[in-house]
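**Q** Could you have a look at this structure, given as structure tokens, before my questions?
We did not get these values from a lab; they are worked out from the coordinates using the rules stated. Since the structure is predicted, the reported quantities are computational estimates derived from the model, not experimental observations. Neighbour counts are summed over all protein chains in view; Cβ atoms, including those assigned to glycine, are modelled from backbone coordinates with ideal geometry.
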Amino acid sequence: MRGLLGLVFVMFTAVAGAGQTTHEYKLDNGLKLIVKEDHRAPVMVSQVWYKVGSSYEHNGITGISHVLEHMMFKGTGKYPAGTFSRIVAENGGEDNAFTGQDYTAYFQTMEASRLPVSFELEADRMRNLTLPREEFLKEVQVVMEERRMRTEDNPQALAYERFKAAAYITNPYRNPIIGWMSDLEQLKIDDLERWYAQWYAPNNATLVVVGDVDPEHVLALAKKHFGPLKPSTIEAAKDRPELEQRGIKRLEVRAPAELPYLMMGYKVPVVLTADSDTDWEPYALEVLAGVLDGGTSARLESEVVRGDAVATSAGAGYDAYDRLQSLFMLSGTPAKDHTVKDLETEFRKQLRRLREERVPNDELARVKAQIRAAKIYEEDSIFYQAMQIGSMETIGLSWKETERFYERLEAITPEQVQAVARKYFSDTGLTVAELVPQPIDPANPPASAGADAQLH
Amino acid sequence: MKQMLRVGTIVVGLVFSGVAAALPEIQSWTTGKGARVLYVHASELPMVDVRLVFDAGSARDREQSGIARLTNAMLDQGAAGLDAGEIAGGMEQRGAVLSGGSERDTAWLALRSLTDPELFEPALELFGKVISQPDFPPEDFAREQRRMLAGLQYQKQQPRSIASRAFFQQLYDQHPYASDPTGTEETVAALTVDELEAFYRRYYVASNAVVVIVGDVPEAQARQIATGLADNLETGEPAAALPAVDTLEAQQKVHLEHPSAQSHVMMGQPGVQRKDPDYFPLYVGNHILGGSGLVSRISEEIREERGLAYSAYSYFVPMERKGPYTLGFQTRNDQRDEALSVLRETVTTFIAEGPTAQELDAAQKNIVAGFPIRVASNSKIAEYLAVIGFYDLPLDYLETFPDRVQAVTNNQIKDAYRRRVHPQTMVTVIVGGEAEAQPAL
């Protein structure tokens with residue numbers, strides 16, 4: 001098995017007319033490479049996905065994955081601070097990075113012939129980051145400003161952060177991706193060096209290229225640039241399953257704001273945590289989310305916002321592809337003449353109906369028609385296609401799951417939707433949070449503050 | 001069917017692999033009632049985007065601030081006797097996506113659908129009804145009006161929104177661009193169904209519309225689609241020309257208190273219009289100054305060198321009349337003055353000295369080499385067609401774009417910046433922290 005394992009899988013995607021092929025390879029050093037051809041335009045996106053994110057972090061160093069993502073632009077011996085983005089820019093590229101609960105990813109979108117530029121730079125910083133202390137001291141300040149902008153000064157984001165911290169006890173999803181401010185303040189360059197050494201290696205990464213490329217050529221390039229990198233011993237993150245919830249949790253978040261906001265989250269399984277005999281449940285939950293919130297004809301918009309007009313906005317959300325046990329979320333802002341309590345009652349009414357009545361065929365048909373269409377629409381973006389592949393691979397599923405996902409959704413029955421509603425929408429696994437607006441201008445309190453505040 | 005499409009894709013793939021053939025071929029014509037159509041045949045995916053763009057943005061609001069936005073939001077709330085749920089259901093049960101929106105210059109409605117005739121034809125028919133036969137049902141109007149008012153409340157808890165509103169007000173004063181497209185609590189609460197209907201009748205007319213079609217439909221079908229949509233509208237009149245934007249005379253500073261950890265700072269002046277002789281030198285110049293992310297000077301000075309902000313930027317928004325030139329950042333309140341003087345210093349130096357030859361070269365390489373990315377999807381092509389059609393840019397705008405960027409010289413940038421960008425008369429808006437004792441200069 002010297003060199004490359006070579007072509008292990010080629011498959012025509014099921015999309016009618018797309019004519020794209022996806023190829024999967026693995027280098028000797030453990031780096032996985034997935035190439036998807038899309039020849040519509042002479043461009044490509046190259047993404048490197050690392051299996052590390054905020055859910056790998058422990059208390060005291062929260063936010064470290066994201067700070068390290070920032071520091072990945074601060075230079076190697078070969079390409080010192082400031083040169084990475086300049087080289088990409090001079091080649092007409094767009095480059096950036098993102099950190100999630102379960103991944104850290106880096107990308108360049110470029111004219112297709114520039115792929116070697118991307119590989120040269122990404123391979124170099126996979127193993128050779130210098131992490132200069134003076135750059136770190138400035139960059140961690142930048143991240144604190146990012147936190148102030150995204151969370152501290154955004155009341156709904158602030159409330160959501162507290163909500164998650166309350167919903168989970170032992171599951172690391174309780175920590176914000178950007179980290180707690182006190183952890184950012186105490187972060188040290190040594191912490192980052194350890195984190196980088198622990199997770200950044202070819203055998204903990206997936207390289208995804210989508211675009212106007214020849215897979216064999218991409219493979220040769222990957223071999224040239226990434227092939228020489230040494231693998232590491234990657235110790236799996238410790239398993240931190242969430243304690244079984246034993247009853248409803250409620251909290252208030254008081255912050256300067258104008259509008260109240262309600263969040264309700266139920267503990268639910270995801271594809272990776274579902275039992276094998278009930279592995280259809282995450283797909284049923286996805287369909288259920290579509291019944292509630294799949295467009296303006298779905299139940300929340302047509303009944304909660306338009307019909308009963310209890311909310312000015314209402315949404316439901318669920319992601320079957322989190323790495324750990326997750327939440328089925330309902331959230332919304334009550335209409336002016338309604339309270340957060342009214343909205344909670346209304347949401348509960350919706351869930352009760354899902355428990356008691358099977359979803360009519362026409363509604364299910366609508367959700368499935370939308371799923372079929374969305375699958376084609378997604379093909380319009382090479383970036384999105386690469387995102388799907390990278391995120392699946394990074395949580396430990398195959399990119400082939402992106403195909404399977406649609407097949408599994410198609411197969412969901414009204415009985416299965418009802419079954420997950422009955423099983424999971426009970427108060428035992430519920431967390432409810434309310435943003436209680438406090439005066440923005442202390443001299444001139446908004447009418448809603450105080451009057452609407454519900455104590456639970 | 002699958003086989004045929006696959007072969008079709010291979011042929012197109014070969015065409016695209018030639019370097020010069022990367023650009024979409026734009027076809028344009030005018031419908032019988034005077035709507036301009038721009039069309040690109042993109043056959044690779046079995047989908048189509050249809051968009052109607054009207055000169056019906058908030059620049060047409062006058063005293064009824066918010067009317068353009070609310071009129072646009074009401075179109076799919078009832079049409080040809082169908083209610084909001086029937087319209088939404090009619091689209092969504094076919095996987096079609098109906099969307100709309102409005103900003104200062106334009107208001108639009110868009111349909112994205114699969115091209116399977118069983119799905120597309122009924123979705124298109126419904127789309128036509130929404131555009132040409134809206135009912136403005138009173139109950140739905142009352143609800144959408146309440147939602148818009150709630151949206152205004154929401155803005156008050158977002159320092160960025162507060163800053164943007166104040167910034168436009170200071171920049172444009174009496175000009176129609178001054179008001180926010182979302183209106184004010186007072187003006188939105190005062191709007192009536194009759195007023196919305198009158199606004200609709202005046203501006204949602206064929207001679208005030210551009211039709212954009214991108215997707216897997218042949219030209220003959222595209223012509224039918226455009227005619228079917230536009231010619232159900234009244235011919236009407238194009239909207240009147242907007243007044244020119246006045247030049248700012250004196251420096252203005254507005255500081256609004258907000259209980260936020262950061263100050264949001266926006267500095268600027270009226271910038272360029274779409275057909276502006278200085279557009280390319282200013283665009284390339286700004287790319288170097290603050291428009292190219294982390295490698296631009298402003299980001300380099302404020303973020304990379306000093307760690308003062310997550311985002312520090314500058315950008316032109318070319319509009320029908322001079323759109324804003326905005327420079328800004330957000331930072332911890334106690335660092336605001338430091339960051340602001342760095343921003344001012346950076347701009348002043350750039351105007352005095354212009355970019356270096358190396359910077360200009362790097363910027364041109366970035367824009368020219370990155371050009372194919374800008375037109376790499378149906379969505380992006382549709383957006384460009386809307387811009388080209390609405391602002392009446394030449395059909396070869398995309399084709400000539402890289403050459404025009406490449407032709408910009410250092411002296412042109414310096415000259416354009418000296419004539420057009422004036423830090424000494426810029427508006428500065430700060431939201432956050434406590435205001436100083438003497439807030440206005």
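**Q** Run the quick spin-label model on A:Lys188 and A:Arg355: label points 7 Å from Cα toward the beta carbon, then report their separation in nm to one decimal.
**A** It is 5.1 nm.
**Q** Same structure again: At 7 Å along Cα-to-Cβ for each site, give me the label-to-label distance between A:Glu415 and B:Thr400 in nm.
**A** That separation, rounded to one decimal, is 6.7 nm.
**Q** Let me ask something else about it. Can you give the FRET efficiency to the nearest 0.05 for A:Glu134 and B:Thr409, using r as the Cβ-Cβ distance and R₀ = 56 Å?
**A** Between A:Glu134 and B:Thr409 the formula returns 0.90.
**Q** What length, rounded to one decimal in nm, is gained on full extension from A:Lys238 through to A:Arg422, with 0.36 nm per residue of separation minus their alpha-carbon distance? Could you put the intermediate results ahead of the total?
**A** Working: separation 184, 0.36 × 184 = 66.24 nm, distance 3.17 nm.
Difference between extended and current length: 63.1 nm.
**Q** Label-point separation (nm) for B:Glu103 and A:Ser113, each offset 7 Å from Cα along Cα-to-Cβ?
**A** 3.3
**Q** Can you pull out the GluC sites (Glu not before Pro) in region A:356-408 whose DSSP state is coil and whose Cβ has at most 12 other Cβ atoms within 10 Å?
**A** Working: sites: A:Glu356, A:Glu357, A:Glu363, A:Glu378, A:Glu379, A:Glu393, A:Glu401, A:Glu403, A:Glu407; in loops: A:Glu357, A:Glu379.
Those that pass, being in a loop and sparsely packed, are A:Glu357.
**Q** Right, another one. Grab every C-alpha pair in the protein assembly as shown, bin the distances at 10 angstrom width from 0 up to the longest one, and report whole percents.
**A** Result returned by the calculation: 2, 11, 19, 26, 26, 13, 2, 0.
**Q** OK, next. Could you derive backbone 3J(HN,Hα) for region A:167-173 from the dihedral phi with the Karplus parameters 6.51, -1.76 and 1.60 (θ = phi - 60°), listing whole Hz in sequence and x where the residue is Gly or Pro?
**A** For region A:167-173, the Karplus curve yields 5, 9, 9, 9, 5, x, 4 Hz.
**Q** Using only Cα atoms, locate the centre of region B:190-233 and the centre of region B:359-435, then give the distance between them in Å, rounded to an integer.
**A** Here the two parts' Cα centres lie 29 Å apart.
**Q** So the label point goes 7 Å from the Cα of B:Glu25 along Cα→C-beta, right? Which residues of region B:378-420 then have their backbone N under 19 Å from it?
**A** Residues B:378, B:381-382, B:385, B:395-400 qualify, since their backbone N sits under 19 Å from the label point.
**Q** What is the sum of charges around B:Glu144, taking Lys and Arg as +1, Asp and Glu as -1, for the other residues whose C-beta is under 12 Å from the C-beta of B:Glu144? Walk me through the intermediate numbers first.
**A** Details: positive: A:Arg306, B:Arg69, B:Arg143, B:Arg146, B:Arg147; negative: B:Asp76, B:Glu139, B:Asp140.
Net charge around B:Glu144: +2.
**Q** On average, how many beta carbons from a partner chain sit within 10 Å of the beta carbon of a residue in A:375-382?
**A** Values: counts 1, 9, 10, 1, 6, 14, 5, 3.
Average per residue, whole number: 6.
**Q** I would also like to ask the following. Assuming a viscosity of 0.890 mPa s and a temperature of 25 °C, what translational diffusion coefficient in µm² per second does Stokes-Einstein assign to chain A, Rh being the Kirkwood radius over Cα pairs?
**A** Numbers: Rh = 23.8 Å.
Answer from the Stokes-Einstein relation: 103 µm²/s.
**Q** Here's another thing I want to ask about it. At 0.36 nm per residue, minus the direct Cα-Cα distance, what do A:Ala197 and A:Asp28 gain on full extension? Give it in nm, one decimal, please.
**A** Gain in length upon complete extension: 58.9 nm.
**Q** Counting other C-beta atoms within 10 Å, which of A:Arg127, A:Arg148 has the fewest, and how do the rest follow? Before the final figure, lay out each step's value.
**A** Details: A:Arg127 18, A:Arg148 22.
Least crowded to most crowded, the residues run A:Arg127, A:Arg148.
**Q** Loop-only trypsin sites (Lys or Arg not before Pro) in region A:205-270, please: DSSP not H, G, I, E or B, and at most 13 other Cβ atoms within 10 Å. Intermediate results must be reported in sequence, preceding the final value.
**A** Working: sites: A:Lys223, A:Lys224, A:Lys238, A:Arg246, A:Lys249, A:Arg250, A:Arg254, A:Lys267; in loops: A:Lys238, A:Arg246.
Hits after loop and neighbour filter: A:Lys238, A:Arg246.
**Q** Quick one: net charge of A:Trp195's neighbours, Cβ under 12 Å, K/R +1, D/E -1?
**A** Details: positive: A:Lys188, A:Arg194; negative: A:Glu57, A:Glu69, A:Asp190, A:Asp191, A:Glu193.
Summing Lys and Arg as +1 and Asp and Glu as -1 gives -3.
**Q** Does anyone have the angle between helix B:357-369 and the longest principal axis of chain B? Alpha-carbon axes, 0 to 90°, nearest 10?
**A** 10
**Q** Could you work out the percent of alpha carbon pairs in chain B separated by over 39 Å, rounded to a whole number? All intermediate terms of the calculation are to be shown ahead of the outcome.
**A** Numbers: 26815 of 97020 pairs.
Pairs farther apart than 39 Å: 28 percent.
**Q** I've got another one for you. Sort out for me the Cα centre separation of region A:176-205 from region B:62-124, rounded to whole Å.
**A** Taking the Cα centre of each part, region A:176-205 and region B:62-124 sit 46 Å apart.
**Q** Among A:Thr22, A:Thr170, B:Thr348, what is the fewest-to-most ranking by other Cβ atoms within 10 Å? If you can, show how the numbers build up before the last one.
**A** On the way: A:Thr22 22, A:Thr170 9, B:Thr348 13.
Ordered by Cβ neighbours within 10 Å, fewest first: A:Thr170, B:Thr348, A:Thr22.
**Q** In terms of the ratio Rg/(2.2 N^0.38 Å) built on C-alpha atoms, what value belongs to region B:63-111? Provide the component values of the computation, followed by the final result.
**A** Details: Rg = 12.2 Å, N = 49, 2.2 N^0.38 = 9.7 Å.
Expressed relative to 2.2 N^0.38 Å, the Cα Rg reads 1.26.
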